[in-house]
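Colleague: Shown below is the structure under consideration.
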Amino acid sequence: MNRWHQHYLRGDYHNQDPKAFYQARLATVQEALDLIEDGDCLAWSTHGSEPKVFLEHLHTIAPRLDKGVDCWNTITRYTYPVTSDPGLAGKFRHHTFFFDKWSVGARGSGLYDHFPVDQHLYAQGIQACKAPNVFVAQVSAMDKHGYVHLSCDLIMTLENLYRADKIIFEVNARTPMVWGENALPVSMADVLYEVDEPIYQLQDPPIGEKEETIAGYVTEMMKDGDCIQLGFGGIPNAIGFHLMEKHDLGIHTEQIGTSMAHLMACGAVTNRYKSIDQGITVGSFISGDNFLYDFVDQHPRLTIRRSRYTNDPYVIARNDNVVSVNASLQIDLTGQVCAESIGPYQHSGTGGATDFAWGAYHSKGGRAILAQTSTTKKGTLSRIVPILDPGAIVSVSRNLTDMVVTEYGVAKLRQRTVGQRVENLIAVAHPDFRAELRKQAAKYMYY
């Protein structure tokens, strides 16, 4: 545990001025980088809490590295040499749960290694494999009580922070203050430095006619009082905006996104009927646009919690009527879902796909929905296939696949035989592919 935090827990700082601690630890980003030693294991926060300035300069320590630095991360939001330059392999080794465009681009170079695990076990997996001894986070300005707020990411950050020997805070006055266990005494930092940087703006893909149609189907299946989780992308975003006319919705999710802020602002979300965290919107990270960041700032009915809580399938299932909406890259005619690879090539990660599929499936009145367009590659490839591509990773077992929605309708798979699943999925596939799908289904003796 960080030595400053040990002092804090013992009460050594009682009645001492936090401004004095702040000034004593105030330094430059270069002094923060000087704390990183050869052989260290480093972790940092992500999404709206990504320490942008630190990561922009991290590659500059490469010349003094012999053993190299291990790094744990999830998605990186900006372009940095340290995360995108394959030439730095050997100096830095990134262990990631979720491939982004930079890790995909550097695939095979030795710069990245994928760590397959469900999101609720991220932190536990890290600690069991190789615990970080350095932690870096972008945090809010210090409040009047001497706390900074790690406002937009508790996926696995607190577990890493409390385990680290060296803690670095990148203080950004533009960062919102969000309530929860993310409030950290400024005395925890070994070094802090100040920046003035915009918070990352997540731009969801455009909402087209197909996405609107799919959102309409999903919205029809949602009822007043449901507890929702919406994943990344244009379709979940479209669904969020379609729910504006609902009443007394609850939110228990991983990502708190822009559409959820609008749902709270218009009164569609009250969290009134949640069994746990009643009256409170709960997520483990925040990522969206400036409307979202302004809305969550000091909001009294919104909090972020660790992913080991928000994504724990047993916790999810404690709420009634959980509706989980996520997407897939490919689904076979029996219901096996690939949401993270293109064939054998890692493309993203499991994330919370299995967590929420299980939790929603086992929630009383719950529904686990996979929503995606029927085709990809400008209509040349069907997302619904007879069998997954060779090497494709099964992100969600067919035993947990509940409903699949495309622009052609809703395929119900729960409590259906393989033969019934085949027919239901073919019915929502693109018409151009249905005859071949039926032919292949007979070949594989699904009937």
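Colleague: Out of the residues in region 330-344 that are assigned to a loop (DSSP other than H, G, I, E, B) and in contact with a Gly (Cβ under 9 Å, 6 or more places away or on another chain), state the one that is most open to solvent (accessible area, probe 1.4 Å).
Modeller: Top of the filtered list is Pro344.
Colleague: Another question, if that's okay. Looking only at residues in region 179-192 that are buried (at least 22 other Cβ atoms within 10 Å of the Cβ) and touching an Asp or Glu at 6+ places or on another chain (Cβ under 9 Å), which one is nearest to Thr281 (Cα to Cα)?
Modeller: Per the stated criteria, the residue is Asn182.
Colleague: Is it the case that region 429-443 has a residue that's open to solvent by less than 20 Å² (accessible area, probe 1.4 Å), touching a residue at least 12 places away in the same chain (Cβ under 8 Å) and under 27 Å from the mean Cα position of the chain (by Cα)?
Modeller: No, because not a single residue in region 429-443 is open to solvent by less than 20 Å² (accessible area, probe 1.4 Å), touching a residue at least 12 places away in the same chain (Cβ under 8 Å) and under 27 Å from the mean Cα position of the chain (by Cα).
Colleague: Could you check how many residues of region 284-327 are crowded, with 24+ Cβ neighbours inside 10 Å and touching a helix residue (DSSP H, G or I) at 6+ places or on another chain (Cβ under 6 Å)?
Modeller: At the first step, the residues of region 284-327 found to be crowded, with 24+ Cβ neighbours inside 10 Å are 284-288, 292-293, 296, 302, 304, 307, 310-311, 316, 319, 322-326.
Remaining after also requiring touching a helix residue (DSSP H, G or I) at 6+ places or on another chain (Cβ under 6 Å): 284-288, 292, 302, 307, 311, 316, 322, 324-326.
Selection size over region 284-327: 14.
Colleague: Collect the residues in region 146-160 that are open to solvent by 10 Å² or more (accessible area, probe 1.4 Å) and out of contact with any Lys or Arg (no Cβ under 9 Å at 6 or more places or on another chain), keeping them in residue-number order.
Modeller: Answer for region 146-160, where residues must be open to solvent by 10 Å² or more (accessible area, probe 1.4 Å) and out of contact with any Lys or Arg (no Cβ under 9 Å at 6 or more places or on another chain): just Tyr147.
Colleague: Could we say that Thr373 is in contact with a strand residue (DSSP E or B) (Cβ under 7 Å, 6 or more places away or on another chain), more than 21 Å from Thr96 (Cα to Cα) and open to solvent by 10 Å² or more (accessible area, probe 1.4 Å) here?
Modeller: Values: in contact with a strand residue (DSSP E or B) (Cβ under 7 Å, 6 or more places away or on another chain): yes; more than 21 Å from Thr96 (Cα to Cα): yes; open to solvent by 10 Å² or more (accessible area, probe 1.4 Å): yes.
It is true that Thr373 is in contact with a strand residue (DSSP E or B) (Cβ under 7 Å, 6 or more places away or on another chain), more than 21 Å from Thr96 (Cα to Cα) and open to solvent by 10 Å² or more (accessible area, probe 1.4 Å).
Colleague: If you don't mind, another one. Can you tell me which of Tyr112, Tyr122 is touching a residue at least 24 places away in the same chain (Cβ under 8 Å) and more than 19 Å from Tyr22 (Cα to Cα)?
Modeller: Details: Tyr112 fails: touching a residue at least 24 places away in the same chain (Cβ under 8 Å).
Result: Tyr122 is the single residue among Tyr112, Tyr122 that is touching a residue at least 24 places away in the same chain (Cβ under 8 Å) and more than 19 Å from Tyr22 (Cα to Cα).
Yes/no per residue for (1) modelled with pLDDT under 95; (2) surrounded by 19 or more Cβ atoms within 10 Å (Cβ to Cβ):
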site: Pro132; (1), (2): no, yes
site: Lys144; (1), (2): yes, no
site: Tyr162; (1), (2): yes, no
site: Met177; (1), (2): no, no
site: Val195; (1), (2): no, no
site: Gln201; (1), (2): yes, no
site: Gly231; (1), (2): yes, yes
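Colleague: In addition: Residues that are in contact with a Ser or Thr (Cβ under 7 Å, 6 or more places away or on another chain), of a type outside the set (Ser, Thr, Tyr) and within 26 Å of Ala123 (Cβ to Cβ), at least 2 per element: which strands (runs of 3 or more DSSP E) completely within region 143-236 meet that?
Modeller: 147-149, 227-230
Colleague: Can you list the strands (runs of 3 or more DSSP E) lying wholly within region 1-107 that have 2 or more residues being open to solvent by 30 Å² or more (accessible area, probe 1.4 Å)? Spell out the reasoning first.
Modeller: Working: elements: 41-44, 69-73, 92-96.
Passing ranges, in order: 92-96.
Colleague: A further question follows. Within region 237-258, can you find the residues that are open to solvent by less than 10 Å² (accessible area, probe 1.4 Å) and either outside any loop (DSSP other than H, G, I, E, B) or of a type in the set (D, E, K, R) (or both)?
Modeller: Ala238, Ile239, Gly240, Leu243, Leu249, Gly250, Ile251, His252, Ile256
Colleague: Please work out which residue is surrounded by the fewest Cβ atoms within 10 Å (Cβ to Cβ), limiting yourself to region 348-370 and to residues that are in a loop (DSSP other than H, G, I, E, B) and more than 15 Å from the chain's Cα centre (by Cα).
Modeller: Step by step, filter region 348-370, then rank; the result is Lys364.
Colleague: So which of Lys166, Lys210, Lys223 ends up being within 15 Å of Phe54 (Cβ to Cβ) and touching a residue at least 60 places away in the same chain (Cβ under 8 Å)?
Modeller: So the residue among Lys166, Lys210, Lys223 that is within 15 Å of Phe54 (Cβ to Cβ) and touching a residue at least 60 places away in the same chain (Cβ under 8 Å) is Lys166.
Colleague: With the structure loaded, tell me whether Ala368 is within 27 Å of Ile251 (Cβ to Cβ), touching an Asp or Glu at 6+ places or on another chain (Cβ under 7 Å) and of a type in the set (A, V, I, L, M, F, W, C) or whether it fails that test.
Modeller: So Ala368 fits the description; yes.
Colleague: I'm trying to understand the selection: among the residues of region 376-420, which are open to solvent by 30 Å² or more (accessible area, probe 1.4 Å), of a type outside the set (S, T, N, Q), assigned to a loop (DSSP other than H, G, I, E, B) and out of contact with any Gly (no Cβ under 7 Å at 6 or more places or on another chain)?
Modeller: Lys377, Lys378, Gly379, Arg383, Ile387, Ile393, Val394, Tyr408, Arg414, Arg416
Colleague: Could I ask something else about it? Of all residues in region 85-100, how many are of a type in the set (A, V, I, L, M, F, W, C) and over 15 Å from Lys67 (Cα atoms)?
Modeller: 3
Colleague: In the list Asp277, Asp248, Asp297, Asp224, which residue meets the criterion of being within 16 Å of His47 (Cβ to Cβ) and of a type in the set (Asp, Glu)?
Modeller: Working: Asp277 fails: within 16 Å of His47 (Cβ to Cβ); Asp248 fails: within 16 Å of His47 (Cβ to Cβ); Asp224 fails: within 16 Å of His47 (Cβ to Cβ).
Result of the check over Asp277, Asp248, Asp297, Asp224: Asp297.
Colleague: Okay, moving on. Examine region 174-191 for a residue that is out of contact with any Phe, Trp or Tyr (no Cβ under 7 Å at 6 or more places or on another chain) and under 30 Å from Val396 (Cα atoms), and state whether such a residue exists.
Modeller: Scanning region 174-191, I find no residue that is out of contact with any Phe, Trp or Tyr (no Cβ under 7 Å at 6 or more places or on another chain) and under 30 Å from Val396 (Cα atoms), so the answer is no.
The values are calculated or read from the model by the stated rules, or taken from the named source; none is laboratory data. Source: prediction; values computed, not measured. Cβ: placed from backbone, ideal geometry, glycine included. Neighbour counts: every protein chain shown. Surface accessibility is based on the protein's heavy atoms, side chains included, excluding ligands, DNA and RNA. Shrake-Rupley method; radii C 1.70, N 1.55, O 1.52, S 1.80 Å.
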